[in-house]
Amino acid sequence: MMKLYICPDCQELRLASRRAEVACPRCGKQKLPLTRLTFLEYSEMSDEKRQEYARIQAKKIKKKGVREEAEDD
Ligand SMILES: [Zn+2]
C-alpha cells in the first residue's frame, strides 16, 4: 500500500510504501510527515488539486509544528 508523504519545506508530495523514513526528493529533508490522503484519492486529483493540497498541508504543518501526520481540513 502506497502512502503519501509531504515535504513542509518545498511542498513536494511523495508517494512511497510505508517505511520508517522517507526523504524529500527535492531538498533532501528527512522523515517527511505522512498525509491522510490515500493513494486512490491522490490518483484521482488533478495536478492543480495536488498542488493546492500540498500548499495547504505544508502551511499547516509549519504553523503547528506537526511532524507525525498532516491533518485534514
Ligand atoms: Zn523538500
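The values are calculated or read from the model by the stated rules, or taken from the named source; none is laboratory data. From a predicted model like this one, the values you see are computed outputs, not experimental measurements. Cβ coordinates were reconstructed from backbone atoms using ideal geometry, including for glycine residues, and neighbour counts include every protein chain displayed.
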(request) Of all residues in segment 5-15, count the ones that are among the hydrophobic types (A, V, I, L, M, F, W, C) and near the ligand (Cβ under 7 Å from one of its atoms). (result) 2
(request) Could you please let me know if ALA16 is of a type in the set (Gly, Ala, Ser), modelled with pLDDT of 95 or more and touching a strand residue (DSSP E or B) at 6+ places or on another chain (Cβ under 7 Å)? (result) no
(request) Might you check whether a residue that is touching a residue at least 24 places away in the same chain (Cβ under 8 Å) and either more than 15 Å from the ligand (Cβ to nearest atom) or assigned to a loop (DSSP other than H, G, I, E, B) (or both) occurs anywhere in segment 16-28? (result) no
(request) Tell me which residues, restricted to segment 14-59, are buried (at least 20 other Cβ atoms within 10 Å of the Cβ) and in contact with a Ser or Thr (Cβ under 9 Å, 6 or more places away or on another chain). (result) TYR53, ALA54, GLN57
